[in-house]
Structures are given as C-alpha cells and as structure tokens.
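Quick notes on the structure that follows.
The values are calculated or read from the model by the stated rules, or taken from the named source; none is laboratory data. Fair warning: this is a prediction, and the values are worked out from it, not measured in the lab. In this analysis, Cβ positions are derived from the backbone assuming ideal geometry, glycine residues included, and neighbour counts consider all displayed protein chains. Remember, those area values only see protein heavy atoms, side chains included, never the ligands or the DNA or RNA. Shrake-Rupley method; radii C 1.70, N 1.55, O 1.52, S 1.80 Å.
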Number of protein chains: 4
Amino acid sequence: MPGNSFGKLFKITTWGESHGKAVGVVIDGCPPNIEIDSLAIQKMMDRRRPGGSSASTSRKESDKIQIMSGVFNHKTTGTPIMIWIENKDSDSSAYEKYKDIYRPGHGDITYQAKYGTRDWRGGGRASARETAARVAAGAIAKEILKKENIDICAYTLELGSIKVKKININESFNNNYGCPDNSVVKEIEKRVSDIKKKGDSLGGIVEIRATGVPMGLGEPVFDKLDADLAKALMSIGAVKGVEIGTGFRVAEMLGSENNDPIEPDGYRSNNSGGILAGISNGDDIVIRSAVKPIPSIMIEQDTIDTDKNPKKISIKGRHDISAIPRINVVCEAMVSIVIVDHLLRQRAIS
Amino acid sequence: MPGNSFGKLFKITTWGESHGKAVGVVIDGCPPNIEIDSLAIQKMMDRRRPGGSSASTSRKESDKIQIMSGVFNHKTTGTPIMIWIENKDSDSSAYEKYKDIYRPGHGDITYQAKYGTRDWRGGGRASARETAARVAAGAIAKEILKKENIDICAYTLELGSIKVKKININESFNNNYGCPDNSVVKEIEKRVSDIKKKGDSLGGIVEIRATGVPMGLGEPVFDKLDADLAKALMSIGAVKGVEIGTGFRVAEMLGSENNDPIEPDGYRSNNSGGILAGISNGDDIVIRSAVKPIPSIMIEQDTIDTDKNPKKISIKGRHDISAIPRINVVCEAMVSIVIVDHLLRQRAIS
Amino acid sequence: MPGNSFGKLFKITTWGESHGKAVGVVIDGCPPNIEIDSLAIQKMMDRRRPGGSSASTSRKESDKIQIMSGVFNHKTTGTPIMIWIENKDSDSSAYEKYKDIYRPGHGDITYQAKYGTRDWRGGGRASARETAARVAAGAIAKEILKKENIDICAYTLELGSIKVKKININESFNNNYGCPDNSVVKEIEKRVSDIKKKGDSLGGIVEIRATGVPMGLGEPVFDKLDADLAKALMSIGAVKGVEIGTGFRVAEMLGSENNDPIEPDGYRSNNSGGILAGISNGDDIVIRSAVKPIPSIMIEQDTIDTDKNPKKISIKGRHDISAIPRINVVCEAMVSIVIVDHLLRQRAIS
Amino acid sequence: MPGNSFGKLFKITTWGESHGKAVGVVIDGCPPNIEIDSLAIQKMMDRRRPGGSSASTSRKESDKIQIMSGVFNHKTTGTPIMIWIENKDSDSSAYEKYKDIYRPGHGDITYQAKYGTRDWRGGGRASARETAARVAAGAIAKEILKKENIDICAYTLELGSIKVKKININESFNNNYGCPDNSVVKEIEKRVSDIKKKGDSLGGIVEIRATGVPMGLGEPVFDKLDADLAKALMSIGAVKGVEIGTGFRVAEMLGSENNDPIEPDGYRSNNSGGILAGISNGDDIVIRSAVKPIPSIMIEQDTIDTDKNPKKISIKGRHDISAIPRINVVCEAMVSIVIVDHLLRQRAIS
C-alpha cells in the first residue's frame, strides 16, 4: 500500500522528485472559508529554502509556490488544494557518477532493492527537496491554527554538539541557525565552518513547541497524539529519534518526580510534554527530533556499486553541512499538520 | 476519526476496558493457511501476564485467549480473526474513590476532557490491560514472521537507572526482568524492592531487535518503516521516546562517523538501525523505547477533583512498580505487527 | 488489503462465520454519551431473525446481542463498542456433503480460489449470518440518528414479481413481508408458498427511505453520499443492483423531465432521490436494491466438485425462499451507518 | 473526512476545478517498472475530450496530459505519478449570471449548503471536467492490466430511449456514440439532433465489460468487488444506478433461472456478472450505469436564487446533450482502477 499520504481529516499527499519538473502536494480536507495569505505561506517556504546559513547547500531555488486549485477569491473552498513548487536549479549531470554506486547513509541501496529501479538524479524521491511540499501544506495548516490561537514553533536545541543554554524563541528568528539562544550562535558558526573545511557534516536536535492546543486532541489507542507526532517527525529523512516532554530521561526518573501534579489552573510541571494517555492535556506540547548528520560528505567512504563491487566514494556537490536549521520548519510543518488533523477529528465527535 | 485500528494490510482493531467483560482484538488481513499454534500464542501472552516479577501487580489474570473466528482446522482462513481475553480479577470497588478525582500522570483528566465522560473503573480504556489484545495480535504476526525466518525480540536495556552491560538475548528469558545481562539482575531486584517499599515507581528503556528482515520494506515518504515503528511504539501507554539505531546520539556525531560503510556482503556498522530512507536495508532493525515510571504511586501527590478543587491523592492498589518487563512483549508485538504489515505491503508491488 | 471494515468516522468491523462460535462487530467512532437502548437494538435484531415469515429458514437463533465494551452506565463512552451474537443453532453436519462441491450461485468456488481454503460449514464467512453484526451496528447508528430526527426505513417494493401498488410505511410493520401495501400481501404469500413447494426461490426489490437528512452530507468527488450508499448496499450478499431516486428510468427521460425544479421551500419533485452532485439536498433520500433469489434451491443443478468433475446438486436444508424480508433491515442498517458516518464527517469541517 | 481519493493500493487523488488553472491526479501505488506509453494515454484522453459527437459541448480543450513525477526513462518508479491537464478554454464570464442562482439538477445548491461557499465558475469542482483526471489515472491502470491480459471496455447500451440490438464492441469504436451496434447509430443521431433543437437533453445506459479478470479478486465482506465497482461508478456525476450481471431483472427471476450452472471449464450462463459473493469468478465482469440527462438545458425552469427568491432559469452555454458517449471512457477508467486495485490487494495475501 502506497505511503505518500499523511493525515486523515486534513490529508496531504506529496509528489515529485528532486530533479523532476516539480514537487507538490494535494491537501484534501482543508475546511472551507480559510483565508489564504500567500505571503505567509511564502515566508514559511523561505525558512526551508537553501542558502540561509553557511550550513546550507548553494543550490538556488526560489521555491515560489503555485496554488493550482481549492482556493477561490483568496479563500479555501473545501475542495483539494494543489500547490506545487517548480524545480529550477536541478543539475542532474553532477549525479551521473552516482548512477551505479550506492552512497552510504542514503536511500540509494534501499530504493533499488524495494522498487527494482530508482531515479538517481539528485536522490529522486528520497531527496529532502520533497519536504518543500510538506512545508507548503504546513503553511496552510498554520493558517487554520492561527484562527484557533494555536502557535507552533521549531528551533535548534543542539547542533554539532553545541547545546543552547536557554530558550528564547524570538532569538531563533534572529540568527541563521534557528537558535533560540544568541549566545551560542558564534560557537555554532565556528563549528560549522570547521567541519565544512574537513568535508564532513553535523547532527543535532530540534525542539518543537505547540502552545494553545486545547485539551482533548488525540485518538486512543493507536492514533494517540504523541503516536501521530512521532510518526510525523520520524517520517522526515534525517530524523532518527523522537521524544515527548522529558523523553528518554524518564528512564532514570521516579514516578514521584515524573508525574506532573495537577493544580486548579494547570500543571505544576510539564514532564508529560502536554500529552497524557495520548490526548493533549492543555499544557504546551513539547517534542524533540534527533537529526543525523547529512550523509553526503566529501571525505572518502567505502561502498559498493550496483554490481556489488567494493568502491570508494567521495561526494562533492552542493550539500548542506547539517539538516539543521532547514529541517526545523519541516518539523514545524509536520507538527502543525498533525494538530490540525486532530482538531478536525475531535470536532467530529464533539 | 476513531483511532483503535493499526496497520493497513495486517490490520488490528482492539476493544475493551480494564474492568469491562473482556478485552479483545479483530485481526483483519491475516493471510490464509497460516498454522495457528495456540500454545505459542499463550506463551507470548504469559510474558505480559501480571505476576512474573516483583515489579508486577498482584492482579491475577490467566489471560487465556479465545479465538472466536477466522481459524478453521487450526489454520487461518483469510477472514477476520477475533481473539478475546476475559477480565476475571477486576475489582472496581478499589477504584470507586478515584471516580471524582484525577490521578496525576494518568489519562483521567484528558479522557474526561475529550469524551465528556469516562469509564473510571481500573482506568477503563486507558488501562495497560488493553495491551493484552495487542500481544494476542502480535503472536499471530509472529507466526507469519516465523515462516519468513524473521525473529523479533524485546529486552530490557535499563531499569531504574541500572543499565545492562552486555546484550545476550538468551539471558533475557532466564530472569524476571527480561534482562539480557544476568550480571545486573540482582542489582535491579534490589532497586525494585527499595522503590517498592517507598511506594514509588521506576522507568527504563526497552530495546527491540528484528533479525532476518529482508531489504525493501517500508513505504516512503510517510509510511516509512521507521515512521510506522515510531508510531507503533509511541502508541503504547508508558512510552515517551523512540529512537532507531544510534538514535539521539547521532546529534553529536559527524557524518563520517554515523554513515555505515557498505561492503559487498553488508554494512560495516549499524548506526542506521537497519533502515535507510525509511526502507529496511537488510541489517538488524534496532529500536528503543523510553518507558516512564508507572504513574500510580503510593506517595501522596497534589491533584484536583472533577470540580477543580485541589486534592491530595495517594494510590494504593495492585500496581506494577515498573512497566518493564511486562511492556517488553508489548513492544515486541507492535514491532511484529509493523513488520508483517510491511511484508504484505511490499508483496503487493513485487 | 482486508475488507471487513466499513465507514470512516463511524467505522464498523465485522467478524465471524456462520457456524463458528459467534458473529460480531466492533464499532469504532461512535460519539460518547449516546444513550443505548438495548431493547431498541434487540427489536431491530429481531427483524432480521429467522422465522418471521414463511419465506424464512427454520434455523432457530435468538440472536441476543451482548455488548462487551464501550458502554458504561447505559451510555457510550467514545471507545470501541464490541457487540456479539452467539451462533447457537448451527448444524454443520448438514453441510458435510457440500465440503467438496461448489454450490451454484454461492461463494464456495470464489472463496476457494481467493484464499486456497474455505470454512465450508454453513457458508462460513459468506453466509448471510454475518449481517446480524451489521444490524447490531446499524441499531447503534439509529440511536444517533434518532437524536438528529433522522429516520430510515426499508420496505419491500417487489417480491416474486409481485409489486406493491402504494407505499404506506406503517403497513410494512404489520405483515410478515415488510410490505408497505397490505393489499398485495395475500398474493405474495401465495407466490412464496407455491415456489416453496417447487423447491425454488424468489428475488425482489427493497426500497430504503431516509427522512430528515440535513443538506450538505456527502464528500465529493469519490465519497459522494450516493457512491457510499451504493457500496453499502452492494456489499450485501444478495444485492445485484442499486439505484437512487428515479434510478434506471433516467435513461429514458429528458433533462426537462428529470430535473427537480427548486422552490423556496424545497423541490417540486424528487427524481434526484435527495442527492445532488453527491451531496444530500434536504429532500428524502430514496434508494432501491435489487435482490437476487436465494441460490440454495432444492431443484437439481449442474455443478462441479473441487476436483473439477461435473456433479449434480440439490440443496436441502433450512433456507429462506427469499432474502426478502429479512434483508430489508440489513439494507436499513447499512444506510443508517452511511448517514451517521457522513454526519460526523460533515461536523469535522463545519 | 475528505473524499477526493479512491482506491487503496492503487490510489488516486484528483484535484482541480472546471475553470481553475488545471485539473489533475496523483496516482500513488502504481507498481514500478510499468512502461508508460504516452500515446496510449493521450488516445484514451481523446475519447473523453469534447467535440467528438454532436451530443458534445463545443468547448475546445486539447486535454494534453503532462506527467510531472513518478516516471523515469519511460517507466514508472513506484513513486507518486502526478498528471495534470491544463484548462485552456474556460470562459467564466458565461457563468457570472449563475453566481447567485441555483441551476436545477446541479450541485450548486448542495455545494453552497455543504461548504458555505462555492466556486461557481463552470460548476467548479462538481464539473464533469474533473473526470479528465480520472481518465488519465485509468489510462495508467490500463497499462498495468495490459500486462495481465485484462481488457476493459465501455460502450453505449441505450441513449435517448434508443437501445442497441446487439453488442459488437468493435463497432463501438467506429461511430461517434460509442455504440456497439452500427445499425442504430442513425436513429440515435436523429434523436440527439431533435432534442438539441428543443434545448433539452437525454439520458442513457452504459455497459462496461471486463474480460480476462482472474478468479479471486474482491475483499469481502465490505470491499467486495461489486461493492467497489458500484461505488466507483456511482461516484461519477451523472450516474444514478448501477447493476451487475442480470442486475435489476433478478427481482423477477427464480433461483433456478438465475443461478449459473458450473461446468468443468466455466459457467453455463453469466447472470452473476462475473462476481460471486463479492469475488471475481473468472467469467466476464459485466456492469451497467444509468446515466441521467445533462441538467443544463435551454428550456426554462423554475428555481431560486441564493436568497431563496423564486427565479426562472434557462441555461445557454456550451453543454453536451447527453453525458454519453463522453462518460463511457470515464466508466471504463473507474472500472480499470478498481480492477488494478484489487489485483494488487490480492497479491498481498497470495
């Protein structure tokens, strides 16, 4: 069964390859009469666009969205919204040499095994370029959330082993690393620049925070809000781990430490990350994604070709040093989509 | 939209509350002509059954499965398999006092908010008792995997801050904590016993390993194998984090460290946890769940009643000290279900 | 992909075989706080129960429903409702002789081809007994519709070539044939009795009428209300045709005859059957199912055995002469489920 | 829950409005390595294109498909295939006058009620133009069926009360009415021309025949092959009835007449229409759709405006006199999609 759709009531289906004509998304289930602010959408797209930080590829894409359907007189009509983004600066010739060789850490070998074929140009469907479509859909989701006073924001928690010391979300908009702590930006910059010189790449952690989410979202026992969020984030290429609230640290806590005492107007702590028994509890939803270092590195690696012969590979091209910060807005989009989907799901039984 | 089904081609739907008449599962999509070994299923059920370790509740349930449909002459027929497990030793009177009060760390408050009502007896639908149905379904899944020489096993990696030093899966069957390292069992036992006396509870980490999984399973870009696994595990009550392969540690690695070099007969390392670009790569699939301490503790906690008045609560009852080790087989079941589901999904396009 | 679930937001999954232990249904997505009137449900079950008319089998089943979950203090909780009905009077010995032979007009040959096996006892999963589960689910759906003042009723339009001359729904409750025209009941009775003597069987037509359905239900362009109704009815064993409103007669009409003129307070006619462009238009929804004669007949027929040898077969057993009137309430149940499902779906975007 | 997707394993999602920029479809789940013959697809598109017969609109659309993704080196890759068709000759000014008035027999009134808004230009999403996307998807489906030697063909059985006397499928390609009986074409032509002069429109019946379908397709008890076919066809705008095999005539048959005797190499008759108990039986699948007359007529009709005032309406514009024959290929496409979907579904359990 195909897997290119996500969400049940707010359902997105993405399509397109890195070096095909375009990437795009069909959003089915967007409620009617939502005002569509193209500027806001484009602004969100720009956060994912290459070129912002020194960690990013030099591929030039304007990533200008085109809304093809479902919007009439600047408002949604309740019918499917198709948005696409043209691929302009795709240079497939650079990939000719990877046609018969598997890049370590990439999906080349698994796509070939699964489908018996693959579009090797720029990683094809496995490319992070597909996430442009997710961000476009997330931007529509955010328009719906805005009306409900729900805000969702993703920021860098750690990059190249450098951790933020405090979280001031406003600061995350003021630097090139989505970093909510300006005091560590310099250090990050230096780390990125050092690693770039070595032709290597860096991992990190992204945190996503949703404020204003009402109590009651999430559908036990399988489509729990945290379960759907975990899937949403883990479906992003570079993500290798997801945790909610206190996350992995719960392993070393006692019940008396981990339980959040309940008070008449809220909770005394938020170890739960805003989700109890799979349902939002009214507190902030806090989630983290572990982001692996970009697998495309200039350093020489061992691999095999499509005939299983051992080969050496060294990947030169226009690659990010780290998926962070461009991945942040993708995480934000996916979380937004999950929250909207569950908002609509809850309406159905209310 | 309701959320009590999981899986697409091997689809399970669980039903039942902790103190209702029974819990059960409908398995739809099980291929026909699979031999059903009731003993093997019951044996898997027994691993989840209360009473094994000193960390477990004293509730007595035989958890004897009853297969009501879909099996004829000891083989599956391709029609829905309904399995149920009677609730025998449910004592709702003990819960009368929690009828109008929200237990911290539990779903009481969120179920009430979501549905405007809740079955307060024994936690109702939010009880871990629901997982008995998952294990029954997982046992059927394992019968299918057996035919494909795929083996899936869950074991304790950490409990109450005590970490295993080595992993010998065989040892995990020889102690009461699902612990693959007999050398730390004593220490765990002492920790559990100490905490029990204090009326507190413990968290931990479970690791699940799938061997023999062929290349090619997983459906990008949303139903990636790791995305579906993350959802499967996060949908289990106590789980607050999921990571694949090297997981959160990728944040501090370089690309050159994290990439697994490819050799003609496999991979030199397994940081990927057996999944590349959301598709199984032929190596072992390795996943971990962070398990929070059981929220039912005897220590007094602050909370509110259903009228929002502040209250003190101290939970006496038959509760586990830790969800580990009983949760291990639940994790194993969920992973088995995901793998079978994707096996069938891959067949459709092969 | 398995096919034993129906509905999206009000989702039912049926299980069970004719001569297994029971048949049942899990209803997932029923809104919470719906009062469950067991008597009303049982009354609806009784309309499907064998033995009402001379057209029916002599199999004795009390068809007493048992609600196993999802209902607490006589109200739904929003969690899955499992209802089952025991198979008491199943006599498999009578079917031993059909074990290796395919009954014409039955699913024996196709089930064997599809699954490579089949539960031959009483038709197994293909038996009309499965519809008991549908009626139970439909009865729950009707409890929801009651609150919305929507009424759904199925009645016989034609049986054994005898057509009703007028429709008075009340009369349909006063005879054994669900016939809304008492004036033709005698004639039907005679026809049934004549055919019974000959060991043959009869077809007919059922009409279902839904009143009080609000405008706006239905989800273009595929899950149109009429499309979902057509599927719902065609999924019932004996149904070979479905038509909405004027149905097949539209083929011979002009646009000027078929269009329903719109007036300030409704429509001047109802050729559309209450559905325009797949969405309810506020008028009565009117649908018809063509019901084939029961394939189990005593008259000798040509067939083959499982080794493809030609055989003669003559089916003696406890069979209905016509699926009507027992099928009527099944049609009513399926239509009720579709309407509730779309009610909930519409709420999500409103 | 949105309804713009159809199919489970071969899943299509259509988007676009009549007078928007384009209409299109995402096909998710197409197996990899299927050769894509653009010429064959375009040829199928041309059968739906306006202008073929005198029954058709004079709107000029080249309906040239553009494949945006999922195809590499003329073969499918297993990733989503997006195909779109530009709207070139859409003239919205002609619709300005219907902006505030509901056209009888159209979805204007129901779309407005459902969504609280509507794109009134050319019928918006409810326009038959959407079916161009279905045909494009059906053309891809037919490429898969070709490899399995399954052929699907739709032809006119009746138009404007003129019925074909025999069925020779080849003849259906040789006239402008998809009519499998050249001997009645003249009569049809005259009927169409007469009605055109009167500003009225005609209904008819389309039959679809699938040959070469293997035994075993269909997923009881809800996703039966006939149930899915009924939904597929009923989801097409003008279709008001669907019947399988002998269809509504079964109502007047005896079991002994309707049962198809089974012989070692097949069935002696095909009253079942190739489907038994919801599963294909190896015989030809034969289905019929009742097609209502085009609701847009020049003859004056009573209606209301959006403020509920009574109005007269007479629709001048570029409209077909009958949905037949252009609808034929749409029926063919939908049936093709259902058959492919079930082929893949059956593979998963085989």
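Please specify each residue of segment D:8-19 satisfying the condition of being closer than 20 Å to residue D:76 by Cα and either of a type in the set (S, T, N, Q) or more than 9 Å from chain C (Cβ to nearest Cβ) (or both).
Correct list: D:10, D:11, D:13, D:14.
Restricting attention to segment B:85-100, which residues are open to solvent by 20 Å² or more (accessible area, probe 1.4 Å) and either in contact with a strand residue (DSSP E or B) (Cβ under 7 Å, 6 or more places away or on another chain) or within 14 Å of chain A (Cβ to nearest Cβ) (or both)?
B:86, B:100, listed by residue number.
Looking at residue D:110 and the list (1) among the polar types (S, T, N, Q); (2) in contact with a Leu (Cβ under 9 Å, 6 or more places away or on another chain); (3) under 18 Å from residue D:320 (Cα atoms), which single condition is not satisfied?
Checking residue D:110 against (1) among the polar types (S, T, N, Q); (2) in contact with a Leu (Cβ under 9 Å, 6 or more places away or on another chain); (3) under 18 Å from residue D:320 (Cα atoms), the one that fails is (3).
Since residue B:327 meets every condition but one in (1) under 30 Å from residue A:203 (Cβ atoms); (2) under 17 Å from the mean Cα position of the chain (by Cα); (3) within 7 Å of chain A (Cβ to nearest Cβ), which condition does it not meet?
Single failed check for residue B:327: (3).
I'm told residue B:71 meets every condition in (1) crowded, with 22+ Cβ neighbours inside 10 Å; (2) under 30 Å from residue C:344 (Cα atoms); (3) more than 18 Å from the chain's Cα centre (by Cα) except one. Can you identify the failing condition by its number?
(2) is the only condition that residue B:71 fails.
Taking the residues in segment C:201-218 that are open to solvent by 10 Å² or more (accessible area, probe 1.4 Å) and within 7 Å of chain D (Cβ to nearest Cβ) as candidates, determine which candidate is farthest from residue C:127 (Cα to Cα).
Looking at residues that are open to solvent by 10 Å² or more (accessible area, probe 1.4 Å) and within 7 Å of chain D (Cβ to nearest Cβ), I get C:215.
Quick check, is residue A:129 in contact with a strand residue (DSSP E or B) (Cβ under 8 Å, 6 or more places away or on another chain) and in a helix (DSSP H, G or I)?
yes
Mind telling me which of the residues D:175, D:87 ends up being among the polar types (S, T, N, Q) and in contact with a Gly (Cβ under 9 Å, 6 or more places away or on another chain)?
When all the criteria are applied, what remains is D:87.
Return the total of residues in segment C:164-207 being free of Cβ contacts under 8 Å to residues at least 40 places away in the same chain and either in a strand (DSSP E or B) or among the hydrophobic types (A, V, I, L, M, F, W, C) (or both).
So the answer is 5.
Determine, yes or no, whether residue D:221 is more than 22 Å from the chain's Cα centre (by Cα), over 29 Å from residue C:220 (Cα atoms) and surrounded by 24 or more Cβ atoms within 10 Å (Cβ to Cβ).
no
Out of the residues in segment C:288-299 meeting the condition of being in contact with an Asp or Glu (Cβ under 7 Å, 6 or more places away or on another chain) and in a strand (DSSP E or B), tell me which one is farthest from residue D:256 (Cα to Cα).
C:288
Applying the selection to segment C:237-279, what residues are in contact with a helix residue (DSSP H, G or I) (Cβ under 6 Å, 6 or more places away or on another chain), among the β-branched types (Val, Ile, Thr) and either part of a loop (DSSP other than H, G, I, E, B) or at the interface with another protein chain (Cβ under 7 Å from one of its Cβ atoms) (or both)?
C:242, C:244, C:250, C:279
Across segment D:239-279, what is the number of residues that are within 30 Å of residue D:10 (Cβ to Cβ), among the aliphatic types (A, V, I, L, M) and surrounded by fewer than 24 Cβ atoms within 10 Å (Cβ to Cβ)?
Residues meeting the conditions: 0.
Please determine, by comparing only the residues of segment B:101-123 that are among the aliphatic types (A, V, I, L, M) and within 9 Å of chain A (Cβ to nearest Cβ), which one is most open to solvent (accessible area, probe 1.4 Å).
B:113
Only residues that are of a type outside the set (A, V, I, L, M) and at the interface with another protein chain (Cβ under 7 Å from one of its Cβ atoms): list them for segment B:281-308, please.
Across segment B:281-308, the qualifying residues are B:281, B:292, B:293, B:295, B:301, B:302, B:303, B:308.
Criterion first (open to solvent by 50 Å² or more (accessible area, probe 1.4 Å), in contact with a helix residue (DSSP H, G or I) (Cβ under 9 Å, 6 or more places away or on another chain) and not in a loop (DSSP other than H, G, I, E, B)) does residue C:142 satisfy it?
no
Go through the residues of segment C:44-59 one by one and say whether even a single one is touching a strand residue (DSSP E or B) at 6+ places or on another chain (Cβ under 7 Å) and either within 14 Å of another protein chain (Cβ to nearest Cβ) or within 24 Å of residue B:26 (Cα to Cα) (or both).
yes
Tell me the residue from A:63, A:37, A:108, A:46 that is free of Cβ contacts under 8 Å to residues at least 40 places away in the same chain and either over 20 Å from the mean Cα position of the chain (by Cα) or on the phi > 0 side of the Ramachandran plot (or both), please.
A:108
Which residues, taken from segment C:298-329, are at pLDDT 95 or above, open to solvent by less than 40 Å² (accessible area, probe 1.4 Å) and within 19 Å of residue D:250 (Cα to Cα)?
The answer is C:301, C:322, C:323, C:324, C:325, C:326, C:327, C:328.
Exactly one condition in (1) surrounded by 21 or more Cβ atoms within 10 Å (Cβ to Cβ); (2) in a helix (DSSP H, G or I); (3) over 13 Å from the mean Cα position of the chain (by Cα) is not met by residue D:136; state its number.
Going through the list (1) surrounded by 21 or more Cβ atoms within 10 Å (Cβ to Cβ); (2) in a helix (DSSP H, G or I); (3) over 13 Å from the mean Cα position of the chain (by Cα), residue D:136 breaks only (3).
Residue under question is residue B:33, and the condition is that it be facing chain C (nearest Cβ under 9 Å) and open to solvent by 20 Å² or more (accessible area, probe 1.4 Å); does it hold?
yes
What is the one condition in (1) more than 24 Å from residue D:271 (Cα to Cα); (2) surrounded by fewer than 21 Cβ atoms within 10 Å (Cβ to Cβ); (3) not aromatic (Phe, Trp, Tyr) that residue C:152 does not satisfy?
Among (1) more than 24 Å from residue D:271 (Cα to Cα); (2) surrounded by fewer than 21 Cβ atoms within 10 Å (Cβ to Cβ); (3) not aromatic (Phe, Trp, Tyr), residue C:152 violates only (2).
Which one is farthest from residue C:271 (Cα to Cα), of the residues in segment C:158-184 that are of a type in the set (A, V, I, L, M) and surrounded by fewer than 21 Cβ atoms within 10 Å (Cβ to Cβ)?
It comes out as C:169.
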